[in-house]
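Some notes on the structure that comes next.
The values are calculated or read from the model by the stated rules, or taken from the named source; none is laboratory data. All values derive from a computational prediction rather than experimental measurement. Positions of Cβ are backbone-derived with ideal geometry, glycine not excepted, and every protein chain shown enters the neighbour counts. SASA here: full protein model, heavy atoms, side chains in, ligands and nucleic acids out. Shrake-Rupley method; radii C 1.70, N 1.55, O 1.52, S 1.80 Å.
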Amino acid sequence: MSQPHNYIPPKLGDFKQECNCQRCNKTQPATPTAIKNGSFIMICPSCALSYDIHIPPQKQQETQMTTRCCKSGCNCTDYRPNEPNIICACGHSGAYHSLSHTPVREWWDKPKTLKSQVKSDSEYYKIAQTHEDL
């Protein structure tokens, strides 16, 4: 999946080499892991709990559900229930089997980074401050 043109992904070296595990309630050495989709996770070496430390921007889509009458030649979209199917305003009988989801708008959400896991001396530190915190 492509990313927005202004997205700068982090490198493994931009993250601290330590795990702050909430299950074990301790801080210990650990290595961040890159995931195929561009995300980064941390895995606790003691209990194997994994948690996200970076999620790249994801494409979001808002859709609108539309229905059509199943009778040929009828384009009416004003329906009311009529067991077991529907009946449109012009009197044609139809069914709900003609549902479709039409994209209305698309956008990219912001990347999300667990800011406490980013090294303060890395090049990525200032960029991460503009992300949503995990």
Looking at region 104-123, I want the residues that are in contact (Cβ under 8 Å) with a residue 60 or more places away in the chain and under 11 Å from Asp14 (Cα atoms) and have a partner that is open to solvent by less than 70 Å² (accessible area, probe 1.4 Å) and of a type in the set (A, V, I, L, M) with Cβ atoms under 7 Å, at least 6 apart or on another chain. Which pairs are those?
Gln117/Met42; Gln117/Ile53; Val118/Ala128
Count of residues meeting criterion [assigned to a loop (DSSP other than H, G, I, E, B), of a type outside the set (D, E, K, R) and at pLDDT 95 or above] in region 75-119:
2
Take Met1 and tell me if it is modelled with pLDDT of 95 or more, aliphatic (A, V, I, L, M) and either under 19 Å from Thr113 (Cα atoms) or out of contact with any helix residue (DSSP H, G or I) (no Cβ under 6 Å at 6 or more places or on another chain) (or both).
no
